[in-house]
């Protein structure tokens with residue numbers, strides 16, 4: 001049936017689009033130009049390594065790295081085929097007209113200390129504010145730890161920094177000291193700073209996030225990150241609690257929690273009208289395989305979810321320009337007949353599907369009630385369902401297998417689902433571990449399983465119509481059929497439908513609080529709730545991938 005519809009639609013489109021003459025549209029074959037790349041002076045080594053590696057993997061695509069100079073960057077980037085890799089300070093000199101910008105990496109500096117510091121627990125609890133950092137790096141004379149922490153300690157504080165004009169700009173902005181002499185023990189590079197701090201229990205310094213990650217992967221426990229008390233209230237608040245690991249720090253940087261003065265995004269800048277497929281190949285490579293070269297050069301690569309979002313945002317190149325409009329003088333009689341045929345077939349198909357929904361799907365779920373409005377009272381909750389704190393549901397089928405899906409609450413928060421990343425039949429899953437991902441135009445939420453077992457099948461309708469998650473979350477939008485390992489024990493950890501109604505009211509309260517605290521920094525408007533405090537349907541649709549990551553870590557935290 002589907003194939004028949006596709007064939008008829010194709011015939012109709014062909015009849016509509018075909019000109020009276022069989023002449024092909026004229027295409028502007030503007031020679032196969034080379035990709036020309038320019039970069040910020042500091043990024044020269046990174047760009048050179050990326051170009052060499054890309055050329056080895058794609059010998060058929062030529063990329064020329066130009067020396068940074070005094071050329072007019074706006075004029076240079078107006079030419080399709082010319083690309084640039086720049087830092088945030090370079091964007092101030094660019095005109096946004098005709099240009100697109102994609103984040104391809106970061107340069108992040110992190111304050112670190114020796115884990116054997118006797119004041120470690122106090123520092124992890126209180127943090128150190130930018131104003132307190134000024135004492136060892138700006139004030140003249142010797143500084144004691146008691147001066148920074150406000151205690152009676154006379155132990156001297158040793159501050160280490162690198163001799164790099166680029167880092168000096170970061171440090172001055174962070175300390176809010178645009179001029180004046182910088183103090184501290186000057187080292188050649190970040191590796192020397194980390195070594196000095198690792199051997200000095202009273203030492204602090206700054207290194208890049210990438211180098212901190214490399215050190216911790218090879219030698220754990222040599223240095224540890226210092227929490228920054230940005231609001232200077234002598235405590236590390238909830239929104240500042242992301243310094244426990246490099247992974248948490250990376251997420252904190254991505255979603256905007258980390259001090260903006262201590263990092264710079266690295267951007268790929270290009271003309272809105274990409275010249276050819278080669279440019280798209282290079283840009284896509286830069287945010288996938290090319291990420292390893294950012295790490296190798298002391299920069300930070302993108303997180304996996306962030307890479308997906310960047311790839312989704314890259315525009316497809318303009319491949320042809322029609323210079324002569326086709327002539328549509330063909331008689332429309334055949335077109336009308338074909339369109340009528342398509343309408344009849346579609347109506348017949350919908351009627352058949354409507355009646356077929358009343359049949360049992362033989363273990364792939366049964367007809368159930370889908371909840372409607374997004375409100376505190378979930379209304380008619382399907383009977384026999386179990387609900388998990390991950391906002392998933394589980395239902396035992398006649399054959400003893402468990403079908404699972406997402407609840408009405410979650411699909412209303414995400415809005416339209418454009419793709420679902422699934423595991424394959426035969427794979428084992430555990431309760432509380434990631435079992436599938438909901439994707440909306442590159443923005444991703446990883447969802448945890450409410451049950452342990454082996455995946456027997458998945459809903460193949462979702463491959464062509466992921467929107468079933470939104471339109472029918474409890475019925476046609478089921479996701480997996482799982483053979484459970486220990487359902488009797490795990491069913492005690494989930495809600496029955498009558499308890500779910502009470503729990504979901506508390507979830508709405510928690511969501512409202514989260515919107516006004518966790519999502520507020522990402523909102524374009526001051527208020528992101530409707531009048532009266534009601535939550536908008538498709539709440540996350542208006543936000544970027546950073547807010548989705550914050551919702552993942554700040555709201556969907558399964559304890």
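Here are some notes:
- Considering the stretch 493-506, and only residues there that are outside any strand (DSSP E or B) and in contact with a strand residue (DSSP E or B) (Cβ under 6 Å, 6 or more places away or on another chain), the residue that is surrounded by the most Cβ atoms within 10 Å (Cβ to Cβ) turns out to be 500.
- Identity of the residue in the stretch 231-258, buried (at least 17 other Cβ atoms within 10 Å of the Cβ) and over 18 Å from the mean Cα position of the chain (by Cα), that ends up modelled with the lowest pLDDT: 240
Quick grid of which residues meet (1) assigned to a helix (DSSP H, G or I); (2) in the same structural domain as residue 462 (by TED's automatic domain parsing); (3) touching a strand residue (DSSP E or B) at 6+ places or on another chain (Cβ under 9 Å):
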site	(1), (2), (3)
477	no, yes, yes
483	no, yes, yes
488	yes, yes, no
491	yes, yes, yes
508	yes, no, no
511	yes, no, no
515	yes, no, no
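- Test: residue in the stretch 468-475 that is more than 20 Å from the chain's Cα centre (by Cα), over 16 Å from residue 409 (Cβ atoms), outside any loop (DSSP other than H, G, I, E, B) and at pLDDT 90 or above: yes
- The selection criterion, being in contact with a helix residue (DSSP H, G or I) (Cβ under 9 Å, 6 or more places away or on another chain) and more than 17 Å from residue 271 (Cβ to Cβ), holds for residue 62.
- Qualifying positions in the stretch 270-293 - buried (at least 21 other Cβ atoms within 10 Å of the Cβ) and in contact with a helix residue (DSSP H, G or I) (Cβ under 7 Å, 6 or more places away or on another chain): 270, 274, 282, 286, 287, 290, 293
- Flag for residue 460 being more than 24 Å from residue 545 (Cα to Cα) and free of Cβ contacts under 8 Å to residues at least 60 places away in the same chain: yes
The values are calculated or read from the model by the stated rules, or taken from the named source; none is laboratory data. Being a predicted model, the structure only gives us computed values, none of them experimental. Every residue, glycine as well, gets a Cβ built from its backbone with ideal geometry; the counts of neighbours run over all protein chains shown.
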